[in-house]
There are 2 protein chains.
Amino acid sequence: MPERIIIIGAVALGPKVACRLKRLNHEAEITLIDKDTLISYGGCGIPYYIGGDIADLEGLYSTFAHAIRDKEFFRTDKGVKALTGVEALSINRKEKKLLVRHLNDKIEEELEYDKLVIATGATPVKPPFPGVDLSGVHVISNLHHALAIKTSIADGKVGHAVVIGAGAIGIEMAEALTDLWGVETTLIEMADHVLPAALGKNISAVVEKELRENDINVLLSQRVVRINGDKDNRVTSVETTETTISCDMVVLAAGVRPNSEIAKDAGLAIGRYGGILVDPCMQTTDPDIYAGGDCVEVKNIINGQSMLMPLGSLANRQGRIIATNINGGCEHFKGAVGSFCIKVFGLGVAKAGLTFEQAKSAGFDPIYSMVAQSDRAHFYPDSDFMYIKLIADRNSRKILGIEAAGPQGDAVKARVDAVAPLFQYGATISDICSLEVAYAPPYASAMDIINNAANCLDNTVKGSHVSVDVQDFLEEFRQEKTRVLDIRSKIQAEPFVKKYGERWINIPQDEFRARVQEVPTDEPLCLLCGSGPRSYEIQVILAAHGITNTRNIQGGYAMILAVHGPLD
Amino acid sequence: MPERIIIIGAVALGPKVACRLKRLNHEAEITLIDKDTLISYGGCGIPYYIGGDIADLEGLYSTFAHAIRDKEFFRTDKGVKALTGVEALSINRKEKKLLVRHLNDKIEEELEYDKLVIATGATPVKPPFPGVDLSGVHVISNLHHALAIKTSIADGKVGHAVVIGAGAIGIEMAEALTDLWGVETTLIEMADHVLPAALGKNISAVVEKELRENDINVLLSQRVVRINGDKDNRVTSVETTETTISCDMVVLAAGVRPNSEIAKDAGLAIGRYGGILVDPCMQTTDPDIYAGGDCVEVKNIINGQSMLMPLGSLANRQGRIIATNINGGCEHFKGAVGSFCIKVFGLGVAKAGLTFEQAKSAGFDPIYSMVAQSDRAHFYPDSDFMYIKLIADRNSRKILGIEAAGPQGDAVKARVDAVAPLFQYGATISDICSLEVAYAPPYASAMDIINNAANCLDNTVKGSHVSVDVQDFLEEFRQEKTRVLDIRSKIQAEPFVKKYGERWINIPQDEFRARVQEVPTDEPLCLLCGSGPRSYEIQVILAAHGITNTRNIQGGYAMILAVHGPLD
């Protein structure tokens, strides 16, 4: 009898396992089960559907060759049986049977399996404040939600929307609402910066600025207290700890939780974050049951801890491994380093590894560099600033994390993707100093920004570079706790000298060696140049003259512009 | 007495060593020596200056902050003495003295050093055929050449140019001449494909097609026999083994040779390719003499052999290491994997590691996959095909090389840069199958093209995927040695069925499982779909039915279009 494989869930990982397994074993009887009737879709594309980049809902469940990925497609094209509108209720592990219910007629039946794959995904968290069930309050977890949101906007019923949660989905939704539809959009986040799980300060400030410049009303460090409705139970406003925002629509983007109930009920091991635990072969604690995708926990390669990482890319890669292993192979999923990217209006953002704060929590002694540099040879047209934050452990010099942003998203992603695979090998600062990235003037500088981010970190670890974080500097300067020594040209520095008087000293770099005795030695100075390296050079010269109470503003004036805008 | 460091050569590595070393040791007396008066320039930018992307020559030797990098700049801004117009003649290692000649007054002097750095770069090869010294025949090795070429074109004196050598510089020059100036340009290469040192077949064919479509006359497998001139010794034509091309200008881009004479004369070890040999600390066989940049040989990390790799990026990274080590540090340059990228009109191209042929020569048993896939989520607007060739060793499954091309150059580079650093760790096909590259629909597919290139290679190594190279297929089909089984839709296949009759069979994928008995079994078939994966699926089905004399066309019809254009 051919092997019977049942897969619960038919969005990303499920179909991947099914199709790959059928290719490996033509005889296998493979059944895909899903509660929904719409299956095998690109859930990550929902914001782009709502924002109009993708015209039709079908675009999200069509193949590259424009075939609709429905039940019939799986039968004819893939040789896989898809049962849609069917809910998996419970697993009888002893008898290897899955109890399911057909949602249209409520009929239940038991399906026998030789191997079972749990690909149940994750469900958006509905926070516990009142009003989450009002009409007009949406989550984004499937295509029906997507259609509902787009329809109500297209009907002209939405003038002002509130998005709760400034993670990836919240930000993508805020952009979608604003960009195509001109909906006035407020983004509320309880953390003190956007993308709090992905980014630390600085790069998140660059993102926040991009959001504000595109008319998103960003509210940080505010908790939602309740959502208010009218007598028809239609949403009217969102109340936070500090304010009330009138609105006609709310999108809840407060994270997701793994759909692991069926696994838990069957006695399979569940992790601390509620995800199903799997070994590197993607097997659960029952060797006949595999699991993958948004419903499992994955190992964070950097700190060894378990984490949730709901991403279609991981689901696809895990799906291939599961299929190989069910077929008798032995491929391992080693874990993840949290590679992530997002487009935020005209800005590309990417990261991998731990943020500075996460590294601290994980017991490291982190140190970072923050570099602003041209994303291609500076003499090449269309070059623009890119911003990279590189984080390492002070003692071991091991790289722990990288965050990057810039207008050329593919170029931003290139830097992060080049570093991310090295975490597993314990790459150090020195390895990134001479990281061999491809070079040609249209695509990079000879000393690439990624090399310079590591060079800067190397200088910092070794103590020759003493820096101040740009956001800390701005706060100190605002409070008049520090003076600036600006080594840019007179013409660049003049407006600041005029405005800030003796708090802003200008000695241009080309005059500096001759005028070093003019530098005041009685108080701390923050050193400034266009983007950081020249003022570092000045710091070294000052140190050689015994003046050591200086700190170099990381990323220089470019970074001030990126996180704050022109000084006022 | 402060330490005296002399650096011969002030283009890329020399200035990097000088400035970094001065930052590390403020007391050091550092002297940069160069024959030329123009120094510290971005030589890689020359084609972009000639092509008009960079308006002024000064753009190539200005800093990001628009300071001109001349003698005075090095003195005031960097605290480094630059002697320009001074030629280094010989090294007296015993007495640690360098003999130099001031070119303006021919006066010679001896300079004492504690440490010497050789950064003499490389010189363009002048091939041994007659006519290389005619007026109008140029090499590209410094800014004077660049200015001479641009001036003569701008004066309207050049209608037709011949570029000899289709390496990176040859191609960049051909583009520069054509794109801005509309010069009719012929590119002559003695190898059978363009970028022969960097690329194998397929990806080089994509580049060649891009060149032809932009009106470059590409002549392959032709040796230049002589360059002819008129009575005023002005170039008139280039004669190859097969043809004669009239022209008013010739650019020799036949490679470079390291300037290692001064090192050789001083008894330092020289490698098989004429480059100075250095250890991982970048020290020559004399511990007081360092060398780096285009004049040294570097270790190829993949095959352990020595190679030349004249790139400004390597020079900069090596320069930093040399400065650190002269200052008593201990940083290692581990070698290189040959990461390379180039913009060719609207195409971005990148590679790292060995080509298929190079891998064979190095004693590996190479195998490759050739994948065409969307460079972002296929449902995302502006997605376009990217092409990746991934090469591995059949037995060890270790990745040996990657080549990529596509219209989004930064995205192409991202894939290559993500794989290149893994060579040193012996990454295998499986590692690339689950390589964790960042994912969001605007920048990637959930199963990224790099993952799929590895998946395809995995299937090939394991024997389930039996493929035919697209260029081999085109040749066999032309010779009527194979038939095509096209599993695309009827509407897509119809024109081909009409044109090729029984040599082109169409059974659409969605009908295939029902019509499998229609497949002829009496002769070999090449399987075709849009880009390769669906026809692979068909191959597996056929194999399950006992039909195994099939080969899948790598990259499908997309790859046919990319290397050849529409079938005629």
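The values are calculated or read from the model by the stated rules, or taken from the named source; none is laboratory data. Note that the structure is predicted; figures quoted are calculated from it, not measured. Note that we place each Cβ from the backbone using ideal geometry, even for glycine, and neighbour counts take in every protein chain shown.
Brief remarks on what is shown
- Count of residues meeting criterion [assigned to a helix (DSSP H, G or I) and of a type in the set (S, T, N, Q)] in the range B:399-438: 2
- Candidates A:Tyr380, A:Tyr425, filtered to the one that is of a type in the set (Ser, Thr, Tyr) and closer than 15 Å to A:Ile302 by Cβ: A:Tyr425
- When each of A:Ala18, A:Ala82, A:Ala10 is tested for being among the small types (Gly, Ala, Ser), assigned to a loop (DSSP other than H, G, I, E, B), modelled with pLDDT of 95 or more and out of contact with any His (no Cβ under 6 Å at 6 or more places or on another chain), the lone residue that passes is A:Ala10.
- Filter result for A:Pro258 (more than 14 Å from chain B (Cβ to nearest Cβ), under 24 Å from A:Ile91 (Cα atoms) and within 20 Å of the chain's Cα centre (by Cα)): yes
- Beta carbons closer than 8 Å, at least 6 apart along the sequence or on distinct chains, never pair a first residue in the range B:99-118 that is within 26 Å of B:Val278 (Cα to Cα) with a second that is surrounded by fewer than 12 Cβ atoms within 10 Å (Cβ to Cβ) and at pLDDT below 95.
- Looking across the range B:350-386, just one residue is without any contact (Cβ under 8 Å) to a residue 24 or more places away in the chain, hydroxyl-bearing (Ser, Thr, Tyr) and not in a helix (DSSP H, G or I), and that is B:Ser383.
- Taking the criterion of being buried (at least 24 other Cβ atoms within 10 Å of the Cβ) and charged (D, E, K, R), the residues of the range A:411-436 that qualify are A:Lys413, A:Arg415, A:Asp417, A:Glu436.
- Annotation note: of B:Lys413, B:Lys389, the sole residue that is facing chain A (nearest Cβ under 7 Å), basic (Lys, Arg) and touching a residue at least 24 places away in the same chain (Cβ under 8 Å) is B:Lys413.
- Selection from the range B:50-68 of residues that are among the small types (Gly, Ala, Ser) and either more than 10 Å from chain A (Cβ to nearest Cβ) or without any contact (Cβ under 8 Å) to a residue 12 or more places away in the chain (or both): B:Gly51, B:Ala55, B:Ser62, B:Ala65, B:Ala67
Quick grid of which residues meet (1) at pLDDT below 95; (2) of a type in the set (Gly, Ala, Ser); (3) within 30 Å of A:Asp486 (Cα to Cα); (4) not assigned by TED's automatic domain parsing to the domain that holds B:Ile276:
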site	(1), (2), (3), (4)
B:Ile54	yes, no, yes, no
B:Val100	no, no, no, no
B:Glu112	no, no, no, no
B:Leu116	no, no, no, no
B:Pro130	no, no, no, yes
B:Ile153	yes, no, no, yes
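- Matching residues, the range A:303-321, being away from chain B (no Cβ under 12 Å) and either in contact (Cβ under 8 Å) with a residue 40 or more places away in the chain or closer than 14 Å to A:Val17 by Cβ (or both): A:Asn303, A:Gln305, A:Leu308
- Members of the range B:66-91 found to be among the small types (Gly, Ala, Ser), closer than 23 Å to B:Leu24 by Cα and surrounded by fewer than 20 Cβ atoms within 10 Å (Cβ to Cβ), listed by number: B:Ala67
- Qualifying positions in the range A:518-537 - buried (at least 23 other Cβ atoms within 10 Å of the Cβ), among the hydrophobic types (A, V, I, L, M, F, W, C) and either out of contact with any Lys or Arg (no Cβ under 9 Å at 6 or more places or on another chain) or facing chain B (nearest Cβ under 10 Å) (or both): A:Cys529
- Only residues that are touching a helix residue (DSSP H, G or I) at 6+ places or on another chain (Cβ under 8 Å), surrounded by fewer than 24 Cβ atoms within 10 Å (Cβ to Cβ) and under 15 Å from B:Val224 (Cβ atoms) were counted across the range B:137-175, and they come to 2.
- Whichever residue in the range A:416-451 is hydroxyl-bearing (Ser, Thr, Tyr) and farther than 16 Å from B:Tyr425 by Cα and, among such residues, is farthest from the other protein chains (Cβ to nearest Cβ): A:Ser445
- Unique match (being within 26 Å of the chain's Cα centre (by Cα), closer than 17 Å to B:Ile367 by Cβ and of a type in the set (D, E, K, R)) among B:Asp448, B:Asp469, B:Asp458: B:Asp469
- Per-region count, the range B:21-39, residues part of a loop (DSSP other than H, G, I, E, B), away from chain A (no Cβ under 14 Å) and among the acidic types (Asp, Glu): 1
- Within the range A:179-197, considering residues that are surrounded by 22 or more Cβ atoms within 10 Å (Cβ to Cβ) and closer than 15 Å to A:Lys343 by Cβ, the one nearest to the chain's Cα centre (by Cα): A:Leu195
- So A:Ser396, is it assigned to a loop (DSSP other than H, G, I, E, B), touching a residue at least 12 places away in the same chain (Cβ under 8 Å) and at negative phi: yes
- Each residue in the range A:467-491 was checked for being in contact (Cβ under 8 Å) with a residue 40 or more places away in the chain and either within 12 Å of chain B (Cβ to nearest Cβ) or aliphatic (A, V, I, L, M) (or both), and 7 of them qualify.
- Complete set of residues in the range B:85-107 that are out of contact with any Asp or Glu (no Cβ under 7 Å at 6 or more places or on another chain), charged (D, E, K, R) and not in a loop (DSSP other than H, G, I, E, B): B:Glu87
- The requirement of being crowded, with 17+ Cβ neighbours inside 10 Å and within 23 Å of the chain's Cα centre (by Cα) is satisfied by A:Asp294.
- Look at the range B:202-213: where a residue is at pLDDT 95 or above and a partner is in a helix (DSSP H, G or I) and surrounded by fewer than 21 Cβ atoms within 10 Å (Cβ to Cβ), sitting 6+ places away or on another chain with Cβ atoms under 8 Å, you get B:Asn202/B:Gln471; B:Ala205/B:Gln471.
- Number of the exception - A:Thr285 against (1) polar (S, T, N, Q); (2) in the same structural domain as A:Ala166 (by TED's automatic domain parsing); (3) surrounded by fewer than 19 Cβ atoms within 10 Å (Cβ to Cβ): (2)
- Within the range A:416-436, the residues that satisfy the criterion of being within 24 Å of B:Lys16 (Cβ to Cβ) and in contact (Cβ under 8 Å) with a residue 12 or more places away in the chain are A:Ala418, A:Val419, A:Leu422, A:Ala427, A:Thr428, A:Ile429, A:Ser430, A:Asp431, A:Ile432, A:Cys433, A:Ser434, A:Leu435.
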